[in-house]
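Peer 1: Quick one: the structure is below, and I'll ask about it shortly.
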Amino acid sequence: MRLQTRVAPEIQKRLLLSRVEAESLKERDILCPTCGFRIQRVFSDATGHLSVKCQKCKNVHILNLAYFRRIRTVKSSTGTPSVDAKSFMRSSFGVRTSLSY
């Protein structure tokens, strides 16, 4: 059983400020690259690297949060997407998106 301790007033102030700042941010889920299980929830301003362990498949991954953002497609005036996620990944990172090599 944990003992409840009093939080210093300065810490309480920082916690309140953090909560107020986070109210305007959106949350997004980070999914396991192996099995697709939700492994972490981060705010929209989160950056950097994150080491996570998937509770479902037990794999440990080091993720750069910039690589795991959703790529939104932009529709052109003709109604067709001008940015395709697969072609963007191939051109930007040299990533093959099909399973056949």
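What follows is calculated from the coordinates using simple rules that are stated; it is not laboratory data. Predicted model, so just to flag it, every value in this text is computed and none were measured. Every residue, glycine among them, receives a Cβ derived from its backbone with ideal geometry; neighbour counts consider all protein chains shown.
Peer 1: Starting with the fewest neighbours, write out K26, K56 ranked by other beta-carbon atoms found within 10 Å of each beta-carbon.
Peer 2: With the sparsest Cβ surroundings first, the list reads K26, K56.
Peer 1: I've got another one for you. Pull out a ≥ b ≥ c, the square roots of the eigenvalues of the alpha-carbon gyration tensor of the stretch 1-66, then state rounded if a/c is under 1.5, prolate if not and a/b is larger than b/c, and oblate in the remaining case.
Peer 2: Verdict is oblate for the stretch 1-66.
Peer 1: Sorted by average packing, counted as other Cβ atoms within 10 angstrom per residue and highest first, what order do 30-39, 7-16 take?
Peer 2: 30-39, 7-16
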